[in-house]
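Quick notes on the structure that follows.
Every number in this text was worked out from the coordinates using simple rules, so none of it is lab data. Because the structure is predicted, anything quoted here is derived from the model rather than measured. Glycine gets a Cβ as well: all are built from the backbone with ideal geometry, and neighbour counts include every protein chain shown.
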Amino acid sequence: MKAHHFLLVCFPVHGHINPSLELAHRLTNLGHHVTFATTIAATRRLTNTTTPHPLLTFAPFSDGFDHETLNPNRTFPQLFSDFKHHGSQSLTKLITSHNEQTPSNPFTFVIYSLLFHWVADVAAALNTPSALLFVQPATLLALYYHYFHGYGDTIPNQKLPGLPLLTEKDMPSLLSPTSPHSAILPFLKQQIELLDQKSQSKVLINSFDALEEQTVKAIDGLKMIPIGPLISIGKSNGKNGSNPLFESENYMEWLNSKAKSSVVYVSFGSVSVLQSKQAEEIMKALSGHTFLWVKIDEEAQDKENGKIVRWCRQDEVLNHPSVGCFMSHCGWNSTIEGMAVGVPLVAFPLQIDQATNAKLVEDVWKIGVRVAANSEGFVEREEIKRCLDLIMGSEGNERRDEIVGNAKKWKDLATKAIGQHGSSTFNLKAFVEDIDNSD
Ligand code: UDP
């Protein structure tokens, strides 16, 4: 296998950076050179926290907002068109000048994360092949594919290839016209149209064969290649794009002092902020439990029965023996990170793809239980408590035991998939060999 030089271009949020960085590390472990490109603002955070590797280089590009990309005053459409406008120019410059200055080691392949489809045009204009890294499960790719191939709003309650039977409440919120995230839809449409231009477009997916076996084969027009979970199971080395500015110091010592499986870890990811009434309701529901809660909008503080931190190294926390349950918004990274270490979930979806992920968690893989919201979208204390008590309850409850047993089963399968002879390891190598063959 010849050594490649991959350019990995990543949308500048944790949910894209973490799996992309892990992919970068796997490619370097196979002996390939990787240049990791994201915005200047995001790179500044990253290089502070990333373990150096001789084959991994960081090359920031400008999106026109070099101090803070996710400025709240920019609407989604502005954000996306700025990325495309400034990003196309600076990335074109980055690739051309690198290739001119280092003719012995030019970029041979470009991988871009979801929502950065314009990168494929930049790569094509410079005669460099490219592929998408899809950072949600294959089920979501199948769902978007059907959505833009004529099914639109009729998807709920229909059996479609690669999808479980979904109801309205299982649909991704970004497909709903009333969601602020629906502004992402035109960009998603452009991505699907781009994939449609080739027969069997290859898409790398942060999933693994056993997890979505039928789904990855369900769409004739796509070659989905599961290479996940894109996390380093049990081997955290601080390279996951953390945010050291906000990280509290002593939560690991605190976890060390707790009994096995006695702590509920609560996190709604790196972007979502709960409405204060909902946060208060969760706090009340946690009253009978010991908890560690990441609240990105609050200062770290100790509570009688728990701890609030502004940020933590989630991979280390999930892998800690004291953690017995993960109450999660079901962002895809959090979901697959929890699954990969066998921690059962209380699924508390908020937006984007999270409701669909929660459906998979509860009904397909059966590794957790999902809170039910009332007609106003609010989740009451009793309902949260019901779910927490079920997962944290003692052995002997059939449903709880089934969930805990499945969590262990999927942990083993996830670990196997990225092992030396695992399916994801094989799929990644085959993907690279295919590039060699098409040279
Ligand atoms: N994360 C972390 N520490 C925190 C909160 C989140 O390391 O305190 C990481 C988490 O491990 C995951 C990513 O941030 O890799 C969040 O991605 P996800 O898809 O779960 O949710 P999003 O933030 O995109 O909503």
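Per-residue counts of other Cβ atoms within 10 Å, averaged by peptide: what ranking do you get for 113-126, 170-183, highest first?
Numbers: 113-126: 20.3, 170-183: 15.9.
Final packing ranking: 113-126, 170-183.
Long-range amide H contacts for residue 110: which residues qualify at under 5 Å (H placed 1.01 Å from N, peptide plane, sequence gap of 5 or more or a different chain)?
7, 130, 131
Taking the 0 to 90 degree range and rounding to the nearest ten, how far is the long axis of helix 185-196 tilted relative to the main principal axis of the chain, both from C-alpha atoms?
Compared with the principal axis, the helix lies near 50 degrees.
Tell me what the chain gives for mean residue ellipticity at 222 nm when only DSSP H runs of n ≥ 4 count, each as -39,500 (n - 2.57), the sum divided by the residue total, rounded to 500 deg cm²/dmol. It would help to have the intermediate numbers written out before the result.
Details: 15 runs with 170 residues, N = 439.
-12000 deg cm²/dmol, from helical runs alone.
Name the residues of region 175-215 whose amide N is less than 11 Å from a point 7 angstrom out from the Cα of residue 149 along the C-beta direction?
Within reach of a label on residue 149: 196, 200-201.
Name the long-range amide H neighbours of residue 320: under 5 Å, sequence gap of 5 or more, or other chain; modelled H, no Pro or chain starts.
HN-HN under 5 Å from residue 320: empty list.
Give me the net charge of residue 363's neighbourhood, meaning all other residues with Cβ under 9 Å from the Cβ of residue 363; Lys, Arg count +1, Asp, Glu -1.
Working: positive: 359, 366, 370; negative: 170, 362.
So the environment of residue 363 carries a net charge of +1.
With everything on Cα atoms, drop me the angle between helix 276-285 and the longest principal axis of the chain, reported from 0 to 90° to the nearest 10.
50 degrees
Compute the relative contact order of region 247-416 as a whole-number percentage, counting only Cα pairs closer than 8 Å that sit 6 or more residues apart in sequence. Present the calculation step by step, with values, prior to reporting the outcome.
Numbers: 293 pairs, mean separation 36.7, N = 170.
Relative contact order of region 247-416: 22 percent.
May I ask for log10 I(q)/I(0) of region 242-338 at q = 0.17, 0.20 Å⁻¹, from a Debye sum over the Cα atoms as equal point scatterers with solvent left out?
The computed values of log10 I(q)/I(0) come out as -0.70, -1.01.
Just to be sure I understand: of the beta bridges DSSP finds with both ends in the chain, what percent are antiparallel, rounded to 5?
On the way: 3 of 48 bridges.
Expressed as a percentage, antiparallel bridges in the chain total about 5.
Net charge near residue 390: determine it from the other residues with C-beta under 13 Å of the C-beta of residue 390, scoring Lys and Arg +1 and Asp and Glu -1. The partial results should precede the final answer.
Numbers: positive: 366, 370, 385, 386, 399, 400; negative: 362, 382, 383, 389, 395, 398, 401, 402.
Value of the local net charge: -2.
When we measure straight from the Cα of residue 202, which aspartates and glutamates land under 14 angstrom away, once same-chain ones fewer than 8 places off are left out?
Residue 202 reaches 193, 220, 433, 434.
Please say if the chain is rounded, prolate or oblate, where rounded means a/c under 1.5 for a ≥ b ≥ c the square roots of the C-alpha gyration tensor eigenvalues, and otherwise the choice is prolate for a/b larger than b/c and oblate otherwise? It would help to have the intermediate numbers written out before the result.
On the way: a/c = 1.56, a/b = 1.42, b/c = 1.10.
In terms of gyration-tensor shape, prolate.
Quick one: of the DSSP bridges fully inside region 247-416, what percent are antiparallel, nearest 5?
Values: 3 of 23 bridges.
Taking every DSSP beta bridge with both residues in region 247-416, the antiparallel ones total about 15 percent.
Helix 40-49: angle to the longest alpha-carbon principal axis of the chain, degrees 0 to 90, nearest 10?
60 degrees
May I ask you to list the lysines whose Cα is less than 23 Å away from that of residue 295, ignoring any residue fewer than eight positions away on the same chain?
Residue 295 reaches 239, 258, 277, 284, 303, 307, 385.
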